[in-house]
Amino acid sequence: MSRLGEVTSLDRQKLDLARPEEIRRAIRSFRPALIVNAAAYTAVDKAESEQASARAVNAEAPAVMAQEAKKIGACLVHYSTDYVFDGLKTAPYNEEDQTNPQNVYGKTKLEGENAIFDSGVPHLIFRTAWVYATEGRNFLLSILRLATQREELKIVCDQTGAPTWSREIAEATTQILSKVWVRIDGPPSLSGVSGIYHMTAGGETTWFDFAKAVLEKGWRWKQARHGLQQRPATSP
């Protein structure tokens, strides 16, 4: 992202997204030309019992960012999720498909999308899915951790998606911004391309086959050392 200009990165210790006033204060202080919100409350199951926290980070925080960005003439890039859909479609979702979130996480992420749109701020919303990384909490690291703790792993085999590396999301975002964040008689703007876009890796696989690949492709553990058993997502 630095190739687009000076970058100021704020982690949770420097900016708590559950505190709207901190968001407002940070934006008014830094006065950025572009805000990239890569943070979210992503504990899908836990969100059911922590609805207020999930809504604060996933819905209310993006709304405040959008409002403040609009006031200073900034643009906003925000990441959303496939959980805004119900998962019943048997083909890949496109941007025009009807949203129908089935849990608190999906509902709050959709509320965040709508708040950004309603604000009128120039924006790019990238919906992504099956994100993995070499740090934090994600499927890849969970499989590597569990492979050292259990003799057998039970992984669902009837859900299909495209595992997407967080670094690739960052690179794709930078490449897109380098092409569309243009300056026309004023500060750079996204006004001509504002909207929602889907961003994932190509191809498709199941959680079972992804786990199998993680264990087979040199991630320090071999599948031969661990039992790996398929099970449907609907199994008890």
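Couplings 3J(HN,Hα) for the range 145-159, derived from phi with the Karplus relation 6.51 cos²θ - 1.76 cosθ + 1.60 (θ = phi - 60°), are 5, 5, 5, 8, 10, 10, 7, 9, 10, 10, 10, 5, 10, 10, 10 Hz, where x marks Gly and Pro.
Computed over the Cα atoms of the range 1-121, pair by distinct pair, the Kirkwood hydrodynamic radius stands at 15.1 angstrom. Here, P(r) means the percent of Cα pairs in each 5 Å bin from 0 to the largest distance; for the range 29-76 it is 5, 21, 26, 17, 13, 10, 7, 1. Largest first, the extents of the alpha carbon coordinates of the range 137-215 on the three principal axes equal 63, 23, 15 Å.
Each Lys and Arg contributes +1 and each Asp and Glu -1, all at the Cβ; summed about the Cα centre of the range 98-201, the dipole is approximately 120 debye.
Residues whose amide H comes within less than 5 Å of that of Leu153, counting only those at least five positions distant or on another chain, are Gly227, Leu228, Gln229 (H built at 1.01 Å from N in the peptide plane). Compared with the alpha-carbon gap, the fully stretched path from Arg145 to Gln51 is longer by 31.0 nm at 0.36 nm per residue.
Spin-label model, Glu168/Asn114: points 7 Å from Cα along the beta carbon direction are separated by 3.2 nm. A straight Cα-to-Cα reach below 17 Å connects Lys154 with the lysines Lys212, Lys222, residues fewer than 8 places away in its own chain not being considered. Here the Karplus relation 6.51 cos²θ - 1.76 cosθ + 1.60, evaluated at θ = phi - 60°, turns the backbone of the range 122-136 into coupling constants of x, 8, 10, 10, 9, 8, 10, 7, 6, 6, 10, 7, 8, 8, x Hz, with x for every Gly and Pro.
Looking at the chain, the DSSP beta bridges with both ends there are about 15 percent antiparallel.
Using alpha carbons only, how many angstrom separate the centre of the range 13-70 from the centre of the range 108-123? Centre-to-centre (Cα) distance: 12 Å.
What the phi angles of the range 87-102 give under the Karplus curve with 6.51, -1.76 and 1.60, with θ = phi - 60°, is a coupling list of x, 8, 6, 8, 10, x, 6, 10, 5, 8, 5, 5, 7, 6, x, 10 Hz, glycine and proline written as x. Taking only protein heavy atoms and a 1.4 Å probe, what accessible area per residue, in Å², does the range 20-169 have with all protein chains in place? With all protein chains present, the range 20-169 gives 52 Å² per residue. Overall, the accessible surface of the chain at a probe of 1.4 angstrom is composed of carbon and sulfur to the extent of 48 percent.
In whole angstrom, the chain maps to an equivalent ellipsoid with semi-axes of 34, 19, 18, each derived as √(5λ) from the alpha carbon gyration tensor and ordered largest first. Using a simple spin-label model with points 7 Å from Cα along the Cα→Cβ vector, what separation in nm is obtained for Arg137 and Thr8? Using points 7 Å along Cα→Cβ, the separation is 3.0 nm. Site pair Asp97 and Gln175 shows an inter-label distance of 2.3 nm when each label is modelled 7 Å from Cα along Cα→Cβ.
Give me the angle, in degrees from 0 to 90, between the Cα long axis of helix 61-72 and the longest principal axis of the Cα atoms of the chain, rounded to the nearest 10. The helix 61-72 is inclined about 30 degrees to the chain.
Under 5 Å between amide hydrogens, built in the peptide plane, is the criterion, and for Asp86 it picks out Asn100 among residues at least 5 positions away or on other chains. Estimated from helices alone, the mean residue ellipticity of the chain at 222 nm is -10000 deg cm²/dmol (sum of -39500 (n - 2.57) over DSSP H runs with n ≥ 4, per residue).
The values are calculated or read from the model by the stated rules, or taken from the named source; none is laboratory data. None of these values were measured; they are calculated from a predicted model. Note that we place each Cβ from the backbone using ideal geometry, even for glycine, and neighbour counts take in every protein chain shown. When the accessible area is computed, the model is the full protein with side chains, heavy atoms only, and any ligands, DNA or RNA have been set aside. Shrake-Rupley method; radii C 1.70, N 1.55, O 1.52, S 1.80 Å.
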